[in-house]
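See below for the structure under consideration.
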């Protein structure tokens, strides 16, 4: 994650929250959809570019609409501002697949901070934007599955968790389910009830590679 995103995004987010009465808190439901790509919709998702443009399009794959990401030496993501009450729906669910690997890069360095696919959650720091925190769930190319490390640009404010690695197959769907409430407390040492945005990004700008990935629907659930 690039540190400029953390600051610029949340100054804007705070202004929106102030104007709308501190944002909308999620209804008490067992399933809360954030990205319904299977319906062909990108409603509420907005682009954020760091270098060049990763192309995000809704495509049919195996007769199901999914989000396709194609990046060539570029880094841009999609984010959705949505306040989620993790005490009601703590589990983040999604499926993803990658079509190729990025090669031998050091993902813990700025020159290798690229990922074929990643999904992340963000907690606003308000006016103190330097307190903005995030967890990145990444499809790592060289880091082992389960490894956790601070982002090369944002430091310990943005923690990386490798859910998939080089041991996982390309062109294969994998279903993920993470207890975000538990992950946030484990990484930042305190209970955090709300997140303020969900984002995804396929980025290849630092090492100068290319990647193609697919993302299925993203939703939070009670269990």
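Please treat every number below as a calculation from the coordinates, not as lab data. Here the structure is a predicted model, which is why all the values come from computation and not from measurement. Here Cβ is always computed from backbone atoms with ideal geometry, including for glycine, and neighbour counts include all displayed protein chains.
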For a quick check, take a GNM of the chain with Cα springs below 10 Å and name the residue from 135, 84, 192 with the largest mean-square fluctuation. 192
Among 61, 78, 181, which one shows the biggest mean-square fluctuation in a GNM of the chain, springs joining Cα atoms closer than 10 Å? 61
Would you order 159, 201 from fewest to most other beta-carbon atoms within 10 Å of each residue's own beta-carbon? 159, 201
Stretched out fully, how many nm does the piece from residue 51 to residue 175 gain, at 0.36 nm a residue minus the Cα gap? 41.7 nm
Describe numerically, in nm with one decimal, the distance between label points set 7 Å from Cα along Cα→Cβ at residue 41 and at residue 72. 3.3
Given points 7 Å out from each Cα along the Cα-Cβ axis, report the residue 221 to residue 100 separation in nanometres with one decimal. 3.4
For a quick check: sort 202, 57, 170 by the number of other beta carbons within 10 angstrom, fewest at the front. 57, 170, 202
Relative contact order for the chain using alpha-carbon pairs under 8 Å, separation at least 6, rounded to a whole percent? 33
GNM on the chain, Cα springs under 10 Å; top mean-square fluctuation among 64, 180, 122 goes to 64
Calculated FRET efficiency for the pair residue 168/residue 59, C-beta based, R₀ 22 Å, to 0.05: 0.55
Taking every pair of distinct Cα atoms and averaging 1/r, then inverting, what Kirkwood hydrodynamic radius in Å comes out for the chain? 17.4
With a cut-off of 14 Å, note down the residues of the stretch 159-182 whose backbone N falls inside the zone around a label point 7 Å from the Cα of residue 145 toward its beta carbon. 162-170, 172-177
How many angstrom separate the Cα center of the stretch 154-191 from the Cα center of the stretch 122-153? 9
Nearest 500 deg cm²/dmol is fine: what mean residue ellipticity at 222 nm does the chain get from its DSSP H runs of n ≥ 4 alone, each adding -39,500 (n - 2.57), divided by its residue count? -3500 deg cm²/dmol
